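K.L.:
Below is one structure. I have some questions about it.
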Amino acid sequence: MTASTTGCPTGSITARTRERALDRLANRTYDVIVVGGGITGAGVALDAAARGFRTALVERHDLAAGTSRWSSKLVHGGLRYLAKGDVAIAWESARERHALMTTIAPHLTRAMPNLVPLGASTPALSGVMLEAAIRLADGLRVAAGTPRSLLPRPSRISAAEARVLAPGLQWAGLRGALLYWDGQLEDDARLVTAIARTAAAHGADIVTRCSASALSDRSLTLRDELSGESFEARGHVVSATGVWAGEHEPSVRILPSRGSHLVVRAEAVGSPKAIFTAPVRGRRGRFVFAVPQPDGLVIVGLTDEPAPGVDGLAPEVPEVDTRFLLDTVNQALARPLSSQDVVGRYAGLRPLVEDGAGASADVSRRHLLVDEPGHPVTITGGKLTTYRQMAEDAVDAVCRRAGSSVACRTRSLPLTGAAPRDVLARAAAPARLVRRYGTEAPVVAALAAEHPDLAVPVSDSCPTLGTEFLFGVLHEGALTVEDLVERRTRVSFDEAALPAGRALAQLALDRAAEFAAHTPT
């Protein structure tokens, strides 16, 4: 097999880079060793590496293996927190949304209209209060510097205008809708991968299938989960392990909260062009969202229920959550959904820091930094949109320990694949690939010429290409079929497409192995 002509994109993570990183971890002292390969851990690794620190990230499973891949795929400005009077978190969200959408990841984010239907389930007074909160949130958008050309101002629209954006809405009793704009994420797992690869481009070592134990402030024990070998590694340790934070820092009490989602075909809810909401009965300020996805699916979510003792990697969606989501969203629909419309489902556990607030929906979304002598720096809580600020706070703590004054760079640092939106619009690749890979889309597209048997979609209902799987192995650290169908792509959202997806992913893994066998070390 001849070498690829597509070159090696910046920050590639491969099986070989993993092996070399393990050797360095066993034999060198690092400035920073991050435990946890979710959004926060990847963010910490990038922040540290961008400041010039010798950095490694270790992850027991795979990048985005836990909560980080199970979000609602939104980069939101904190409207929900304003409704609860938490202006500080709302402002932090608006500020971080601005950085993500304008500089850090324009390729993975986009503006999305949001509709709050004003119908029988939303009394006039509730509509007035919601509109006030939405306009206050828009004020935070202005303060953050996000231009109206990216996120337009909110408005009230007529029932007819609302039905244009969401044709499946219940017409009877619809008085109109509140329209506002917020950020949507192409794929949360792809964001984690892009952050990790950007960290790698700045010199960080990224090692998956490597568990950590016996964490202290300056050392930890690592175990290569593929070979079984264990060894001690040295460096300032940061624990960014989400719902598992309490395993490494006993002073932290995590209240896992299950956020369940259903996946339906877009046509089942009228092929909406906007996110729309339905209020949760008896819970002021809580809504269920229907979030259109680019590949013909709609995500309906989400729940917010305590979930102690539940699997943090892939929590099951209980039937009670399915029923709750269907019953709630059906308030807003002309044709009610049934369980037969559900083509996929998923749940993630929010790592909420226990604060005595009671119900998990009432627990603060503030993040927690623990910096105690003799212990690792621990960062947990928070939410996806504010991962960068969480990472900055964690690395600032490491700098205080190390006596360093190097400033954070990540607010203005584009991720791998990022570019201004006008540049992305001119990329020489299919629009779907540009949405997912940004400036690297032509590299993914070029793989089709070299591997035409992989240049095919998984199925009629799932447009993911076999060449995307191959790119995931060659450059994004994927080691298994599950890495490819669960995290480098989201084939697993469509349960019917999984068998074909796994077969095509295995073919890509085999092809990459052939390539590696013919490539000098």
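The values are calculated or read from the model by the stated rules, or taken from the named source; none is laboratory data. Since we're looking at a predicted model, the values are computed, not measured. Virtual Cβ from ideal backbone geometry, glycine too; neighbours counted across all protein chains shown. To get the accessible areas, we keep the full protein, side chains included, count just its heavy atoms, and leave off ligands, DNA and RNA. Shrake-Rupley method; radii C 1.70, N 1.55, O 1.52, S 1.80 Å.
K.L.:
Can you run down the residue pairs with Cβ atoms below 7 Å, 6 or more apart or on separate chains, where the first is in segment 491-511 and among the hydroxyl-bearing types (Ser, Thr, Tyr) and the partner is assigned to a helix (DSSP H, G or I)?
P.N.:
Ser492/Val485; Ser492/Glu486; Ser492/Leu498
Condition check ((1) touching a Gly at 6+ places or on another chain (Cβ under 6 Å); (2) within 22 Å of Leu384 (Cα to Cα); (3) at pLDDT below 95) across all residues:
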position	(1), (2), (3)
Leu215	no, no, no
Arg223	no, no, no
Ser227	no, no, no
Ser251	no, no, yes
Val263	yes, yes, no
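K.L.:
Right, something else. Considering each of Arg218, Arg197 in turn, give the residue that is more than 24 Å from Glu316 (Cα to Cα), basic (Lys, Arg) and surrounded by fewer than 23 Cβ atoms within 10 Å (Cβ to Cβ).
P.N.:
Sole residue among the options that is more than 24 Å from Glu316 (Cα to Cα), basic (Lys, Arg) and surrounded by fewer than 23 Cβ atoms within 10 Å (Cβ to Cβ): Arg218.
K.L.:
Looking only at residues in segment 244-254 that are assigned to a helix (DSSP H, G or I) and in contact with a Ser or Thr (Cβ under 8 Å, 6 or more places away or on another chain), which one is least open to solvent (accessible area, probe 1.4 Å)?
P.N.:
Ala245
K.L.:
Does any residue of segment 306-323 turn out to be more than 30 Å from Ala42 (Cβ to Cβ), at pLDDT 95 or above and open to solvent by less than 10 Å² (accessible area, probe 1.4 Å)?
P.N.:
There is at least one residue in segment 306-323 that is more than 30 Å from Ala42 (Cβ to Cβ), at pLDDT 95 or above and open to solvent by less than 10 Å² (accessible area, probe 1.4 Å).
Yes/no matrix, rows are residues, columns are (1) in contact (Cβ under 8 Å) with a residue 24 or more places away in the chain; (2) outside any loop (DSSP other than H, G, I, E, B); (3) surrounded by 14 or more Cβ atoms within 10 Å (Cβ to Cβ):
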{"position": "Ser227", "(1), (2), (3)": "no, no, no"}
{"position": "Pro256", "(1), (2), (3)": "yes, yes, yes"}
{"position": "Ala268", "(1), (2), (3)": "yes, yes, yes"}
{"position": "Phe289", "(1), (2), (3)": "yes, yes, yes"}
{"position": "Pro294", "(1), (2), (3)": "yes, no, yes"}
{"position": "Val300", "(1), (2), (3)": "yes, yes, yes"}
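K.L.:
Checking Gly466 against (1) at pLDDT 95 or above; (2) closer than 24 Å to Gly37 by Cα, which test does it fail?
P.N.:
So the condition that Gly466 fails would be (2).
K.L.:
Right, next: Here is a check on your reading of the model: is Asp422 in a helix (DSSP H, G or I), touching a residue at least 12 places away in the same chain (Cβ under 8 Å) and either open to solvent by 60 Å² or more (accessible area, probe 1.4 Å) or not aliphatic (A, V, I, L, M) (or both)?
P.N.:
When the stated conditions are applied, Asp422 does not pass them.
K.L.:
Of everything in segment 63-95 that's open to solvent by less than 10 Å² (accessible area, probe 1.4 Å) and more than 14 Å from the chain's Cα centre (by Cα), which residue is farthest from Ile275 (Cα to Cα)?
P.N.:
Checking each candidate, the answer is Ile89.
K.L.:
Name the single residue, out of those in segment 467-497 being open to solvent by 10 Å² or more (accessible area, probe 1.4 Å) and β-branched (Val, Ile, Thr), that is nearest to Arg435 (Cα to Cα).
P.N.:
Val473
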